[in-house]
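Novice: Below you'll find the structure I mean.
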Amino acid sequence: MYLSSWTSPGTEVDVRFGVTGHRILPPSIVECAVRHWGRVLPTGGHLHGVSNLADGADQLFAAHVLAAGGTLEVVLPCERYAGSLIGEESRTRFEDLRRAAATVLTMPYPEPSEQAFLAAGQALVDRCDHLFAVWDGRPARGVGGTADVVAYARSRGCPVTVLWVDGVLRA
């Protein structure tokens, strides 16, 4: 497993954590991320999470934040975003997480598009103090993918922790 940057909770200071990551995650990656978040994130009122609620890493992190008693902020890429999610189960999770969020910001795009995904990823980074990237380190498969969000965070000086297991390939 490789990690970078922030790996332990500090004092009782409110820090806003964001997430970006792949939509389809192998089980070992899910275990890696959940184990790491359980070890390093504060619980209760000091945990603030920001997510785009995409399938995979985004929904996994959002569910973790809420289960730990934290506050969830959602940044959606567009008005009709739920239709771009993979499968009914993911859309149901999306709706449940969206309803549980303290705030929801929707980017000014009517339909899903690479530009909408990039804008939402950048808005997420702009709202967090630290970014978790559940990412294999490879280039994005389209504009607005995980690699683009990580590059934007790094260009803004936002600390990034990459969570992945060496040798594991994504689908």
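Novice: Would you confirm whether any residue within the stretch 143-165 is over 19 Å from PHE17 (Cα atoms) and among the basic types (Lys, Arg)?
Specialist: Within the stretch 143-165, none of the residues are over 19 Å from PHE17 (Cα atoms) and among the basic types (Lys, Arg).
Novice: Then there is this: Among the candidates LEU85, LEU76, LEU53, LEU72, which residue alone is modelled with pLDDT of 95 or more, buried (at least 20 other Cβ atoms within 10 Å of the Cβ), closer than 22 Å to ALA171 by Cβ and among the hydrophobic types (A, V, I, L, M, F, W, C)? Walk me through it before giving the result.
Specialist: Working: LEU85 fails: modelled with pLDDT of 95 or more; LEU76 fails: closer than 22 Å to ALA171 by Cβ; LEU72 fails: closer than 22 Å to ALA171 by Cβ.
After ruling out the rest, the residue left standing is LEU53.
Novice: Same structure, new question: Give me the pairs: first residue in the stretch 83-99 and of a type outside the set (Ser, Thr, Tyr), second residue surrounded by fewer than 13 Cβ atoms within 10 Å (Cβ to Cβ), beta-carbon distance under 9 Å, and six or more apart or on different chains, which are they?
Specialist: Between residues of the stretch 83-99 that are of a type outside the set (Ser, Thr, Tyr) and residues that are surrounded by fewer than 13 Cβ atoms within 10 Å (Cβ to Cβ), the close pairs are GLY83/GLU111; ILE86/ILE24; ARG91/GLY83.
Novice: Would you check which residues across the stretch 139-171 are free of Cβ contacts under 8 Å to residues at least 24 places away in the same chain, in a loop (DSSP other than H, G, I, E, B) and of a type in the set (Lys, Arg) and list them? Before you say what the answer is, go through the steps one by one.
Specialist: First, pick out the residues of the stretch 139-171 that are free of Cβ contacts under 8 Å to residues at least 24 places away in the same chain: 139-141, 147, 151, 154-155, 157, 167.
Still in the list and also in a loop (DSSP other than H, G, I, E, B): 139-141, 157, 167.
Selection gives ARG141 alone.
Novice: Take the residues of the stretch 134-153 that are touching a helix residue (DSSP H, G or I) at 6+ places or on another chain (Cβ under 7 Å) and among the small types (Gly, Ala, Ser): which is surrounded by the fewest Cβ atoms within 10 Å (Cβ to Cβ)?
Specialist: Step by step, filter the stretch 134-153, then rank; the result is GLY142.
Novice: Of (1) at pLDDT 95 or above; (2) under 25 Å from VAL143 (Cα atoms); (3) of a type outside the set (D, E, K, R), ALA101 satisfies all except one. Which?
Specialist: Every condition holds for ALA101 apart from (2).
Novice: OK, next. Are any residues in the stretch 138-169 of a type in the set (Val, Ile, Thr) and under 14 Å from the mean Cα position of the chain (by Cα), and if so, which ones? Outline the logic, then answer.
Specialist: Residues of the stretch 138-169 of a type in the set (Val, Ile, Thr): 143, 146, 149-150, 160-162, 165, 168.
THR146, VAL149, VAL150, VAL160, THR161, VAL162 - these are the residues of the stretch 138-169 that are of a type in the set (Val, Ile, Thr) and under 14 Å from the mean Cα position of the chain (by Cα).
Novice: Further, regarding this structure: Applying the selection to the stretch 88-128, what residues are of a type in the set (Ser, Thr, Tyr), closer than 19 Å to ALA57 by Cβ and surrounded by 14 or more Cβ atoms within 10 Å (Cβ to Cβ)? Write out each step before concluding.
Specialist: In the first step, residues of the stretch 88-128 are kept if they are of a type in the set (Ser, Thr, Tyr); the result is 90, 92, 103, 106, 109, 113.
Now narrow it down to the ones that are closer than 19 Å to ALA57 by Cβ: 90, 92.
Answer for the stretch 88-128, where residues must be of a type in the set (Ser, Thr, Tyr), closer than 19 Å to ALA57 by Cβ and surrounded by 14 or more Cβ atoms within 10 Å (Cβ to Cβ): just SER90.
Novice: Filter the stretch 26-50 down to residues that are of a type in the set (Val, Ile, Thr) and in contact with an Asp or Glu (Cβ under 9 Å, 6 or more places away or on another chain) and give me whichever is surrounded by the fewest Cβ atoms within 10 Å (Cβ to Cβ).
Specialist: Out of the qualifying residues, it is ILE29.
Novice: Residues being among the hydrophobic types (A, V, I, L, M, F, W, C) and within 19 Å of LEU118 (Cα to Cα): count how many of those fall in the stretch 64-85. Break it down stepwise before answering.
Specialist: Pass one, the stretch 64-85, residues among the hydrophobic types (A, V, I, L, M, F, W, C): 65-68, 72, 74-76, 78, 82, 85.
Now narrow it down to the ones that are within 19 Å of LEU118 (Cα to Cα): 74-76, 78, 82, 85.
Qualifying residue count, the stretch 64-85: 6.
The values are calculated or read from the model by the stated rules, or taken from the named source; none is laboratory data. Given the structure is predicted, the values throughout are model-derived calculations rather than measurements. Glycine gets a Cβ as well: all are built from the backbone with ideal geometry, and neighbour counts include every protein chain shown.
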